[in-house]
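Scroll down for the structure; my scribbles are underneath it.
The values are calculated or read from the model by the stated rules, or taken from the named source; none is laboratory data. Values in this document were obtained by computation on a predicted structure and should not be read as measured data. Neighbour counts are summed over all protein chains in view; Cβ atoms, including those assigned to glycine, are modelled from backbone coordinates with ideal geometry.
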Amino acid sequence: LSDPAGSYKNVRAKSPDWRRVSLADYVAYQMDDGLRIQIYRFTLSDQQFSAVVARLPEADSAMPLFCGAAVQNAIAGIGPFKSIEATWWTSPAELGRRLAPLTGAAHAAGVCLWPDGLPC
């Protein structure tokens, strides 16, 4: 799990009952700030996935308030994100607006889900 510019792992590791990193736990952690959490899932080839993973060390070292840009830069130009360009700064909401056209259609590369599993 990558959490660019985030505090998830450090904060959760302080909890004595915390066991491990998981998407469900990460989403629950993010919901402390509000319930409007959107989860984007995309199908990538092994090569595309490896290209994103190769960018994660840089993304994970992003400064606070640069989480949206760090995520966007990690995926920019790869596979279904070929039309998404690297950026100096963007908000998570703006990145969501860029990802939205890549979801929802019958043959879309990805889906957008609310934490309860319903489509966005």
Response to the item:
Residues in segment 14-53 that are small (Gly, Ala, Ser), free of Cβ contacts under 8 Å to residues at least 24 places away in the same chain and part of a loop (DSSP other than H, G, I, E, B) total 3
Discussion item. If I ask for residues that are without any contact (Cβ under 8 Å) to a residue 12 or more places away in the chain and either surrounded by 13 or more Cβ atoms within 10 Å (Cβ to Cβ) or not small (Gly, Ala, Ser) (or both), which ones from segment 1-13 would you list?
Written reply: Asn10
Practice prompt. Those residues that are assigned to a helix (DSSP H, G or I) and in contact (Cβ under 8 Å) with a residue 24 or more places away in the chain, I need them from segment 54-68; list them, please.
Written response: Leu56, Ala59, Asp60, Cys67, Gly68
Worksheet item: Does Gly77 meet the test of being modelled with pLDDT under 95 and either in a loop (DSSP other than H, G, I, E, B) or surrounded by 18 or more Cβ atoms within 10 Å (Cβ to Cβ) (or both)?
Response: no
Fill in: Check on Val71, surrounded by 18 or more Cβ atoms within 10 Å (Cβ to Cβ) and closer than 23 Å to Tyr8 by Cβ
yes
Worksheet item: Gly104 is checked against (1) among the small types (Gly, Ala, Ser); (2) surrounded by 15 or more Cβ atoms within 10 Å (Cβ to Cβ); (3) closer than 22 Å to Leu23 by Cβ and fails just one. What number does that condition carry?
Response: (2)
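Taking the options Ala76, Ala86, Ala59, Ala69, name whichever one is closer than 18 Å to Pro4 by Cβ and touching a Pro at 6+ places or on another chain (Cβ under 6 Å). Can you show your working first?
Numbers: Ala76 fails: touching a Pro at 6+ places or on another chain (Cβ under 6 Å); Ala86 fails: touching a Pro at 6+ places or on another chain (Cβ under 6 Å); Ala69 fails: touching a Pro at 6+ places or on another chain (Cβ under 6 Å).
None of the others qualify; the one that does is Ala59.
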